[in-house]
Amino acid sequence: VLNGVVMEIQDCALPLVRDVVATDDPAVAFKDIDAAFLVGAMPRKEGMERKDLLAANVRIFKVQGQALDVHAKKSVKVLVVGNPANTNALICSHFAPSIPKENFSAMTRLDQNRAKAQLAEKTGSEVADIKKVTIWGNHSSTQFPDMSQATVKGNPAVGLVNDEAWMKDVFVPTVQKRGAAVIAARKLSSAMSAAKAASDHMKNWFASSPADDWVSMGVFSDGSYNTPVGVMFSFPVTVSDGKWSIVQGLNLSDFAKEKLALTGKELCEERDEAMAVCQA
């Protein structure tokens, strides 16, 4: 399988690709790397309890975290894509104590891209016209897609949509459940859109976010917006010279605060269960 992937990469004739090393040895894969895209994880299967899913992923991300700790550069940027991404990133960081916690993140950029696409369709705009859409919390069905700060060609999106019922009862659940809808439609999980989102995430992280916009990243919470400290929580962030900062001072409605509390509770439960497995 890996050799087939190598052939596809070669056949893309990508100008920046110099060499490809196909390996299943973490010591080889993580040697002196600058960026890690951790895509592989145990997916949740029908009838599987969350604690069983977390236990399976602890085993995977313990190995990867330990390998990163020993072999990767201490400046490595680690993006966890495999679900449950937020808690998998937390586990990975736990087992890589020599790498700064701010160097780990979970991908919620796919959710942000989905939200922008929905808003563009609703307003008859181009995706490039949409700014400041936010994904809060967990990359799960409890996430909160937030368009309250969003703009369309510089104009407040809320005013253009002018439909509170759509914003709460259509926009939010559509984005929350988009992954499941893709699976139902194609019998496979998101692939191309997820790869695009991972590329977007890393591009902004290594360079910077646009001056007139922000991006959503799952990062270690410092308690901003009354979120639980120490979980991997998605926030609106700006990036400058490879370093992210949580956007501060946003006004949140009571509806938004309820959604943040809900997704924060889920992340705390996942963290506690995962840490219990780590310490068992």
Within segment 229-267, can you find the residues that are modelled with pLDDT of 95 or more, farther than 21 Å from residue 172 by Cβ and either open to solvent by 30 Å² or more (accessible area, probe 1.4 Å) or of a type in the set (S, T, N, Q) (or both)? 229, 238, 240, 243, 244, 245, 248, 249
When residues of segment 191-220 are limited to those that are open to solvent by less than 30 Å² (accessible area, probe 1.4 Å), in contact (Cβ under 8 Å) with a residue 40 or more places away in the chain and of a type in the set (Gly, Ala, Ser), the one nearest to residue 91 (Cα to Cα): 218
Of all residues in segment 76-98, which are farther than 19 Å from residue 243 by Cβ and outside any loop (DSSP other than H, G, I, E, B)? 85, 86, 87, 88, 90, 91, 92, 94
Within segment 185-208, how many residues are within 21 Å of residue 86 (Cα to Cα) and assigned to a loop (DSSP other than H, G, I, E, B)? 3
Looking at segment 89-135 only, could you name the residues that are under 18 Å from the mean Cα position of the chain (by Cα) and acidic (Asp, Glu)? 102, 111
I'd like the full set of residues that are within 20 Å of residue 1 (Cα to Cα), in a loop (DSSP other than H, G, I, E, B) and among the hydrophobic types (A, V, I, L, M, F, W, C), limited to segment 36-75. 39, 41, 42
Take the residues in segment 24-35 that are modelled with pLDDT under 95 and outside any helix (DSSP H, G or I); name whichever of them is surrounded by the fewest Cβ atoms within 10 Å (Cβ to Cβ). 24
Quick check on segment 1-23: of everything there that is open to solvent by 100 Å² or more (accessible area, probe 1.4 Å) and either assigned to a loop (DSSP other than H, G, I, E, B) or touching a residue at least 12 places away in the same chain (Cβ under 8 Å) (or both), which residue is nearest to residue 72 (Cα to Cα)? 21
Looking at segment 140-163, which of its residues are under 23 Å from the mean Cα position of the chain (by Cα) and either among the aromatic types (Phe, Trp, Tyr) or assigned to a loop (DSSP other than H, G, I, E, B) (or both)? 140, 141, 142, 143, 144, 147, 148, 149, 150
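The values are calculated or read from the model by the stated rules, or taken from the named source; none is laboratory data. These figures come from a predicted structure and were not determined experimentally. Please note: Cβ atoms are built from the backbone with ideal geometry, for glycine as well, and neighbour counts cover all protein chains shown. Areas reflect the complete protein model, heavy atoms only, side chains present, ligands, DNA and RNA absent. Shrake-Rupley method; radii C 1.70, N 1.55, O 1.52, S 1.80 Å.
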